[in-house]
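Here is the structure we will look at, set down as structure tokens.
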Number of protein chains: 2
Amino acid sequence: MTNPIEIATRYIEAWNEPDAARRGRLIAQAWAEDAQYLDPMMAGEGHGGIDAMIAGVQQQFPDHRFVLAGVPDGHKDRVRFSWTLCTVNGVAAARGTDFGILAADGRLSSVTGFLDAVSA
Amino acid sequence: MTNPIEIATRYIEAWNEPDAARRGRLIAQAWAEDAQYLDPMMAGEGHGGIDAMIAGVQQQFPDHRFVLAGVPDGHKDRVRFSWTLCTVNGVAAARGTDFGILAADGRLSSVTGFLDAVSA
């Protein structure tokens, strides 16, 4: 399988990319065409649906970035990694853990997000 | 969806049940018929495959039990929870986190296990 660290890094890059064209390319590299995302607050399907969802989060949290927390790990076609959504000064808005299943080509086919902490 | 705490409790009960007949009933309550389990060390499919896998872990770790760590959570058809495998005196052999996807009837259809720590 592809390296979980590489997969998680590529995934986080897409969430952080404000430029729509570059974000579209990063999403296509990271996710399979029919990929699905689901967390307690939102869902997205396919490259377009996932892009719209990421753009919405960027609008909701301006001046925030996702940063990996800890070391991503995985086995066979499964990966998991944790992240912090924080300001450029490191003030955290939320922390979470994402669990992914990979398609045969090594791109993400399904990601489920869970929240570990949300700031008041 | 069914309560994540209830799902995780039922699941842990099955892993801890040494009596084959009782364990079979607990597995059938917790898991869908075609359910799949996968972690870095083992895999099991269907009630029989999952039962054989659990029996093997019980043989490998006599006098150990699984205990829930923290509060299980979930959303829609997804759950996650952490556990400790420890002796009756509380000496931990391993800690891990399991991610589950539920079938339409609320039983587990897929569980992926990850190891958080293994004792030397």
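The values are calculated or read from the model by the stated rules, or taken from the named source; none is laboratory data. This one's a predicted model, so the numbers in the text were calculated from it and none came from an experiment. Neighbour counts run over all protein chains shown; Cβ positions are idealised from the backbone, glycine included. To get the accessible areas, we keep the full protein, side chains included, count just its heavy atoms, and leave off ligands, DNA and RNA. Shrake-Rupley method; radii C 1.70, N 1.55, O 1.52, S 1.80 Å.
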Problem set entry | Radius 11 Å from Cβ of A:Phe66, net charge of other residues (Lys, Arg +1; Asp, Glu -1) | -1
Exercise. How many angstrom separate the Cα center of the stretch B:11-45 from the Cα center of the stretch A:6-43?
Worked result: 34 Å
Exercise. Once every DSSP H run of n ≥ 4 in chain A is given -39500 (n - 2.57) and the sum is divided by its residues, what mean residue ellipticity at 222 nm do you get, rounded to the nearest 500 deg cm²/dmol?
Worked result: -10500 deg cm²/dmol
Exercise. Which of A:Gly90, A:Gly48, A:Gly106 moves most in a GNM of chain A, Cα contacts under 10 Å?
Worked result: A:Gly90
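Please identify every one of the trypsin sites (Lys or Arg not before Pro) in the stretch A:44-120 that sits in a loop by DSSP and has no more than 16 other beta carbons within 10 Å of its own beta carbon.
A:Lys76
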Seminar exercise, completed: One residue of chain A has its C-beta nearest the axis rotating A onto B; that residue and its distance in whole Å are A:Phe99, 2
For this session: Would you tally the net charge around A:Glu33, using a Cβ to Cβ cut-off of less than 11 Å, leaving A:Glu33 out, and scoring K and R as +1, D and E as -1?
Result: -2
Exercise. Across peptide B:32-38, how many C-beta atoms of other chains are within 10 Å of each residue C-beta, on average?
Worked result: 1
For this session: Distance from a point 7 Å along Cα→Cβ of A:Val118 to each backbone N in the stretch B:61-81: keep the residues under 18 Å and list them by number.
Result: B:71-80
Exercise. From the square roots a ≥ b ≥ c of the eigenvalues of the alpha-carbon gyration tensor of the stretch A:22-61, which class results: rounded (a/c under 1.5), prolate (a/b over b/c), or oblate?
Worked result: oblate
Problem set entry | Cα→Cβ-extended label distance, 7 Å offset, between A:Asp19 and A:Glu33, nm | 2.6 nm
Seminar exercise, completed: Taking the label point 7 Å from Cα along the Cα-Cβ vector, the copy-to-copy distances for B:Gly49, listed from shortest in nm with one decimal, are 2.7
Exercise. Of the heavy-atom accessible surface of the protein assembly as shown (probe 1.4 angstrom), what whole percent is carbon and sulfur?
Worked result: 54 percent
Exercise. According to the square roots a ≥ b ≥ c of the eigenvalues of the Cα gyration tensor, what is the shape class of the stretch B:20-118, taking rounded for a/c under 1.5, prolate for a/b larger than b/c otherwise, and oblate for the remainder?
Worked result: oblate
Exercise. Dipole of the stretch B:1-118, Cα-centred, from +1 at each Lys and Arg C-beta and -1 at each Asp and Glu C-beta, to the nearest 20 debye?
Worked result: 200 debye
Exercise. Could you give, in nm with one decimal, how far A:Asp105 is from each other copy of that position, shortest first, with labels 7 Å out from Cα toward Cβ?
Worked result: 3.7
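From the alpha carbon gyration tensor of the protein assembly as shown, can you work out the equivalent ellipsoid semi-axes (sqrt of 5 times each eigenvalue) and give them in Å, largest to smallest?
34, 19, 16
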Problem set entry | Where chain A is the region considered: accessible area per residue in Å², 1.4 Å probe | 48 Å²
Seminar exercise, completed: Among A:Trp83, A:Ile27, B:Thr87, the residue whose Cα sits farthest towards the positive end of the charge dipole of the protein assembly as shown, when +1 is placed on the Cβ of each Lys and Arg and -1 on the Cβ of each Asp and Glu, is B:Thr87
Exercise. Where the label is 7 Å out from Cα toward Cβ, how close does A:Phe61 come to the same position in every other copy, in nm, shortest first?
Worked result: 3.3
